[in-house]
Amino acid sequence: MAPASFCDPCTEADSALPATKYFSDCKERLCTACAESHSRFRAFKSHHVISLSSVGSNITLSAKKICNVHIDMLLDYYCTEHDVVCCRACIPQAHRKCENVLPLEHVSKDVKNSALFTELMAEIKHLKTTLHDLHDNRELNVQLLAKTKSVITKQIRDVKS
C-alpha cells in the first residue's frame, strides 16, 4: 500500500500526488483529481468521504465498518440511547423505539472539539512521552552495561595475569 500521505491510485501509476480525501468504503486515499473523478460515478456517490485535512493524513483509518448481525451492511448510524453504532437494518429490529438514532456523519461532526477527545489526545501524548523516556532510559542502560562489561573484563584479565 502507498505511504499514508499519498494518493493510492496515483502511486500505483508511479505518480506521487498528496492525498486529500479518504474513501472509507474503498479504503483508499485519493488526491483532489481522483476524488472528483470517484465522486462523479453514481455507484460511488453514497461512499463515505473523510477529509484528510480534518483528521491528519497519517492517521490510521481502519475502524470496524461492517455490522456483526447484518454482514452485508455498513455501520452508519449511532443510537444515543444504547451508545452503539448500528446499520440501517438494525434500526427497525433493535432500535425501533429509540428516539435518537442519528447518522454517524452528524454525530461525529465536532468530535475533535469534544472534551473526551481532548482528554484522550492528552493521555496519548503523555503515554508517548513516557514511552520515549522509557526507551531513552533503556538505551542508556545498554550503553552503561557495555561500559561496565569492558571494565569488568579488564579487571578479570588483570587478576588472571
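The listed peptides 30-41, 91-102, 116-127, ordered by packing as a protection proxy, come out as 30-41, 91-102, 116-127 (highest mean of other Cβ atoms within 10 Å first). A dipole drawn for the stretch 29-161 from +1 and -1 charges on Cβ atoms has a positive end, and of 117, 140, 80 the residue lying farthest that way is 140. Sequence-distant contacts, meaning Cα pairs under 8 Å at least 6 residues apart, place the relative contact order of the stretch 58-143 at 17 percent.
Left without a cysteine partner by the 4.7 Å Cβ rule in the chain: 26, 34, 79, 98.
Net charge near residue 29, counting Lys/Arg +1 and Asp/Glu -1 over other residues with Cβ under 14 Å of its Cβ?
With Lys, Arg at +1 and Asp, Glu at -1, the net is -2.
Once both axes come from the Cα atoms, what is the angle between helix 115-160 and the longest principal axis of the chain, in degrees from 0 to 90, rounded to 10? For 115-160 against the chain, the angle is about 20 degrees. Taking amide H as placed 1.01 Å from N in the peptide plane, residue 95 has no amide H partner under 5 Å among residues 5 or more places away or on another chain.
Longer than 25 Å from Cα to Cα, which of 21/128; 27/128; 27/112; 21/45; 45/125 are they? Say none if no pair is. Mind showing how you got there, number by number?
Working: 21/128 27 Å; 27/128 27 Å; 27/112 22 Å; 21/45 14 Å; 45/125 37 Å.
Over 25 Å apart, Cα to Cα: 21/128; 27/128; 45/125.
Based on Cα contacts under 8 Å between residues 6+ apart, the chain shows a relative contact order of 11 percent.
Near the amide H of residue 20, within less than 5 Å, lie the amide hydrogens of 30, 31, 32, all on another chain or at least 5 residues away, with H placed in the peptide plane.
When the accessible area of the stretch 56-154 is split by element with a 1.4 Å probe, what percent falls to carbon and sulfur? The nonpolar share, carbon plus sulfur, comes to 61 percent.
The values are calculated or read from the model by the stated rules, or taken from the named source; none is laboratory data. All of these numbers come straight from a predicted model, not from anything done at the bench. Cβ coordinates were reconstructed from backbone atoms using ideal geometry, including for glycine residues, and neighbour counts include every protein chain displayed. For accessibility, only protein heavy atoms count, side chains too; no ligands or nucleic acids. Shrake-Rupley method; radii C 1.70, N 1.55, O 1.52, S 1.80 Å.
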